[in-house]
Amino acid sequence: MTAFAFLSNTSFLKVPANDSGRPFAIAGVAWDGSVTNRPGARFGPRAIREASHMLCDGTHPVFDVSPEAALTDVGDLPLPNTSLQGMRAAMMPLVRTLIAQHHMAWLGGDHSITLPLLRAYRQHFGRPLAVVHFDAHCDTWKDHFGEPSGHGTWVYEAIQEGLVVKECFVQFGIRSAGERAARDYVRDQGGLIHTARALRGLESPTQLQPLVAQLRERLAAHGHPPLYLSLDIDCLDPAFAPGTGTPEPGGMSTNQVFSLLEEMADLPFVGMDCVEVSPPYDHADLTSYAAAQFVWTYLSARVAQRAQNTVA
Ligand SMILES: [Mn+2]
């Protein structure tokens with residue numbers, strides 16, 4: 001696939017571009033045409049890549065690996081930028097090709113990109129996925145001001161379309177205003193919701209481990225479905241991540257997310273996205289640094305896991 005350098009300057013972790021022989025790959029999805037509040041997430045991939053450059057000179061402190069040698073960056077997907085339908089139609093074949101080649105980390109972009117990604121993964125694996133979803137928002141609205149699909153409808157659509165195992169859909173950090181039916185939709189369908197309120201005071205790996213154990217049990221009970229991570233940066237409190245389109249005070253700390261990602265290191269993840277980073281609203285690049293380190297942590301865990309499996 002040809003790299004498309006529309007909005008991105010240089011690669012994630014400065015890794016070589018378009019090396020189809022490397023198991024892991026980064027791709028940017030620089031789309032923000034579906035936001036309901038402040039735009040700017042189209043600049044997310046570029047900012048996250050730039051922030052990642054601080055991480056190029058060492059190994060991960062928990063996993064003691066560096067993902068560089070196993071990673072390539074295919075640039076930003078060449079997509080139309082005013083039609084949601086057009087964007088998703090153009091995205092599907094590119095995504096299919098990439099997930100057949102690599103374990104992917106997608107840099108958004110607004111959250112409307114996750115629905116086509118899940119459709120492609122569902123098709124690729126031939127079975128519904130488990131999902132870990134970090135977000136301030138439930139994303140289970142049935143429409144946005146009359147539009148049937150947007151950045152806050154993908155969870156509802158994914159459940160309706162049978163893309164996911166409802167009992168293995170787990171949300172962390174939810175706290176935005178919304179009608180009860182939308183707020184509790186995932187739980188009503190059999191999934192798990194850990195609201196930001198319920199997570200208050202729980203920050204260390206030891207404190208958060210039971211929540212991961214609960215997910216692990218569910219995965220086992222449902223035949224170990226492939227697991228996808230969708231990380232909306234607005235799960236974080238705006239104090240930690242001001243650079244996002246729909247900030248919601250009272251959110252998770254960066255440490256809470258790190259603790260959870262580290263505790264989940266051995267789970268069977270097949271891909272991830274990190275979305276809704278909107279650099280025009282950022283301060284001191286706080287949001288981009290958090291996003292870059294989350295993606296780096298995810299990739300380091302996968303690379304460490306892979307090395308362990310190869311040795312075993
Ligand atoms: Mn959100």
When Gly109 is run through (1) within 14 Å of the ligand (Cβ to nearest atom); (2) under 24 Å from Leu215 (Cβ atoms); (3) of a type outside the set (Phe, Trp, Tyr), the failure sits at (2)
Looking at the stretch 286-299, I want the residues that are closer than 18 Å to Glu68 by Cα and have a partner that is of a type outside the set (Asp, Glu) and part of a helix (DSSP H, G or I) with Cβ atoms under 6 Å, at least 6 apart or on another chain. Which pairs are those? Tyr289/Ala51; Ala291/Ile48; Ala291/Ile233; Ala292/Ile48; Ala292/Ala51; Ala292/Ser52; Trp296/Leu55; Thr297/Leu261
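With respect to Gly150, determine if the residue is more than 17 Å from Leu229 (Cβ to Cβ) and outside any helix (DSSP H, G or I).
Taking the combined requirement at face value, the residue satisfies it.
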Within the stretch 154-180, residues free of Cβ contacts under 8 Å to residues at least 40 places away in the same chain and touching an Asp or Glu at 6+ places or on another chain (Cβ under 8 Å) come out as Val155, Tyr156, Gln171, Ile174
Could you tell me which residue of the stretch 167-181 is farthest from the ligand (Cβ to nearest atom), considering only residues that are surrounded by 17 or more Cβ atoms within 10 Å (Cβ to Cβ) and either outside any loop (DSSP other than H, G, I, E, B) or under 15 Å from the mean Cα position of the chain (by Cα) (or both)? Cys168
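Filter the stretch 132-157 for residues that are more than 10 Å from the ligand (Cβ to nearest atom) and open to solvent by less than 10 Å² (accessible area, probe 1.4 Å) and give the result.
Across the stretch 132-157, the qualifying residues are Val132, Thr140, Gly150, Thr153, Trp154, Val155.
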Scan the stretch 210-249 for residues that are among the charged types (D, E, K, R) and either more than 16 Å from the ligand (Cβ to nearest atom) or assigned to a loop (DSSP other than H, G, I, E, B) (or both) and jot them down. Arg216, Glu217, Arg218, Asp237, Glu248
Candidate set from the stretch 74-131 (those that are within 17 Å of the chain's Cα centre (by Cα) and of a type in the set (Ser, Thr, Tyr)); member that is farthest from Gly28 (Cα to Cα): Tyr121
Within the stretch 250-263, considering residues that are outside any loop (DSSP other than H, G, I, E, B) and touching a Cys at 6+ places or on another chain (Cβ under 8 Å), the one farthest from Cys274 (Cα to Cα): Met252
For the stretch 250-289, name all the residues that are open to solvent by less than 10 Å² (accessible area, probe 1.4 Å) and within 16 Å of the ligand (Cβ to nearest atom). Met252, Val257, Met272, Asp273, Cys274, Val275, Glu276, Val277, Ser278, Thr287
Test: residue in the stretch 6-15 that is at pLDDT 95 or above, within 18 Å of the chain's Cα centre (by Cα) and crowded, with 24+ Cβ neighbours inside 10 Å: yes
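So, Gly190, is that one on the phi > 0 side of the Ramachandran plot and not in a helix (DSSP H, G or I) or not? Can you show your working first?
Numbers: on the phi > 0 side of the Ramachandran plot: yes; not in a helix (DSSP H, G or I): yes.
Yes.
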Which one of the conditions (1) more than 16 Å from the ligand (Cβ to nearest atom); (2) surrounded by fewer than 19 Cβ atoms within 10 Å (Cβ to Cβ) does Asp76 fail to meet, given that it meets all the rest? (2)
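The values are calculated or read from the model by the stated rules, or taken from the named source; none is laboratory data. Bear in mind that the values here come from a model prediction, so they are computed numbers and not experimental data. Counting neighbours? That spans all protein chains shown, and the Cβs are built from the backbone with ideal geometry, glycine included. Just so you know, the surface numbers come from the protein's heavy atoms only, side chains and all, with ligands and any DNA or RNA stripped out. Shrake-Rupley method; radii C 1.70, N 1.55, O 1.52, S 1.80 Å.
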